[in-house]
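Let me begin by presenting the structure, written as structure tokens, before commenting on it.
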Amino acid sequence: MQSCDLSRPPSWHRLWGKAWPIEGSAGAWHPLWKHALDVAAVGQALLDARPAFRDRLATALGQDAETARRWLPYLLALHDLGKAARGFQAKVPALWAEDLLGSFPEAAGADPGHPALGAGLLELFLPQACPGWDQDGYQAVFGAVFGHHGRPVAWDVEERAFRREDKRQARAYIETMRALFAPPDVPEPQARAKASLLLAGFAVLADWLGSNQAYFPYDPAEEAVAAYWSKARRHALLAVTEARLSPTPPAPPLRFTAL
């Protein structure tokens, strides 16, 4: 993997991830990398707020709690990998980054959706994303994360669906996230079905809350990766708290007369 300078914006800064601004939004679009970090930050905040769930998910993955806390936000940061592909980026022609993706496609092909595009790109770069994982056995884990819109992912997007530019940006995406999170190299989980059920709900919740513009406003400005990660974590803590997703401590016992 190439080294990434986290004190600068990523090379793929101008790939868009969100382009449906709410009324009064300061920005018309939100970079893909920032949305990825928004969702990862929410995931980390949820793990910290709900240690019992963190431990349960860690056990299902065959990891200890601290390893899971370091690895799961990285996994969530890859949830929209498919948005780096030209098939997704072409959906908003005004935001097309020609210097990154080449010329705008004259004709739009069949759109399998960005979850399936992400699955196809991950298959090409699995050794970089998760060193040591079996090429045939990771689908339950990553399928749960790529299926964050509530539907199973189709693993049938072939390499020919991607151009050289797509692959270059996907690789840069993975390199940036590995550099930021420095995830531990973990063994592929054995209880895949059990882990996938928990991961699916975790990813859906993190993406839903991480897409809330009240907490994560569109911000197309260029800034350092490390600086935005700190900002995203602050926003995520507020979002999880105000969504009342932190456990409520039990009230102290009271005698009937006090009630």
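Hey, what's the stretch 178-244 come to in accessible area per residue, 1.4 Å probe, Å²?
Working: 3360 Å² over 67 residues.
With the other protein chains kept in place, the stretch 178-244 gives 50 Å² per residue.
My understanding is that a pair violates if its Cα-Cα distance is over 24 Å; which of LYS34/LYS194; LYS83/LYS194; LYS83/LYS231; LYS91/LYS167 do that in this structure? Each step should come with its number before you reach the end.
Values: LYS34/LYS194 30 Å; LYS83/LYS194 27 Å; LYS83/LYS231 22 Å; LYS91/LYS167 18 Å.
In this structure, LYS34/LYS194; LYS83/LYS194 exceed 24 Å between Cα atoms.
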For this session: Please work out which option in (i) 19.0, 77; (ii) 19.8, 63; (iii) 18.3, 59 gives Rg and Dmax of the Cα atoms in Å calculated from these coordinates, and answer with its label.
Result: (i)
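Charges only on Cβ, +1 for Lys and Arg, -1 for Asp and Glu: so what's the dipole of the chain about the Cα centre, in debye to the nearest 20? Please report the intermediate quantities before stating the final value.
Values: 27 positive and 28 negative charges, 136 e Å.
With only Lys, Arg, Asp and Glu charged at Cβ, the dipole is about 660 debye.
Taking the Cα centre of the stretch 109-183 as origin, sum charge times position over the Cβ atoms of Lys and Arg (+1) and Asp and Glu (-1), and report the length of that vector in debye to the nearest 20.
Working: 8 positive and 10 negative charges, 56 e Å.
So the dipole magnitude of the stretch 109-183 works out to roughly 260 debye.
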Exercise. Ignoring ligands, DNA and RNA, what percent of the 1.4 Å accessible area of the stretch 1-61 is carbon and sulfur?
Worked result: 50
Problem set entry | Cα→Cβ-extended label distance, 7 Å offset, between ALA90 and PHE104, nm | 1.2
For this session: Work through the residues other than GLU159 whose Cβ is under 12 Å from its Cβ and net out their charges, Lys, Arg +1 and Asp, Glu -1.
Result: 0
Exercise. When the accessible area of the stretch 119-178 is split by element with a 1.4 Å probe, what percent falls to carbon and sulfur?
Worked result: 43
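Per residue, how much accessible area does the stretch 32-119 have with a 1.4 Å probe, in Å²?
Working: 3100 Å² over 88 residues.
I get 35 Å² per residue for this part.
In whole percent, what relative contact order does the stretch 136-259 give with Cα contacts below 8 Å and a gap of six or more residues?
On the way: 48 pairs, mean separation 39.4, N = 124.
With pairs under 8 Å counted, the relative contact order is 32 percent.
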For this session: Would you compute, from DSSP H runs of 4+ residues alone, the mean residue ellipticity of the chain at 222 nm, taking -39500 (n - 2.57) per run and dividing by the full residue count, rounded to the nearest 500?
Result: -16000 deg cm²/dmol
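When you count, for each residue, the other Cβ atoms within 10 Å and take the mean per peptide, how do 5-11, 21-27 rank with the highest first?
The packing order, highest mean first, is 5-11, 21-27.
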Problem set entry | Zero-based 10 Å bins, Cα pair distances in the stretch 113-259, whole percents | 9, 28, 35, 17, 5, 4, 1, 0
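Using only alpha carbon pairs under 8 Å that are at least six residues apart, calculate the relative contact order of the chain and give it in whole percent.
Working: 382 pairs, mean separation 85.7, N = 259.
Once divided by the residue count of the chain, the mean separation gives 33 percent.
The values are calculated or read from the model by the stated rules, or taken from the named source; none is laboratory data. All values reported here derive from a predicted model rather than from experimental measurement. We place every Cβ from the backbone using ideal geometry, glycine too, and count neighbours over all the protein chains shown. We work out accessible area using only protein heavy atoms, side chains counted, and drop any ligands, DNA or RNA first. Shrake-Rupley method; radii C 1.70, N 1.55, O 1.52, S 1.80 Å.
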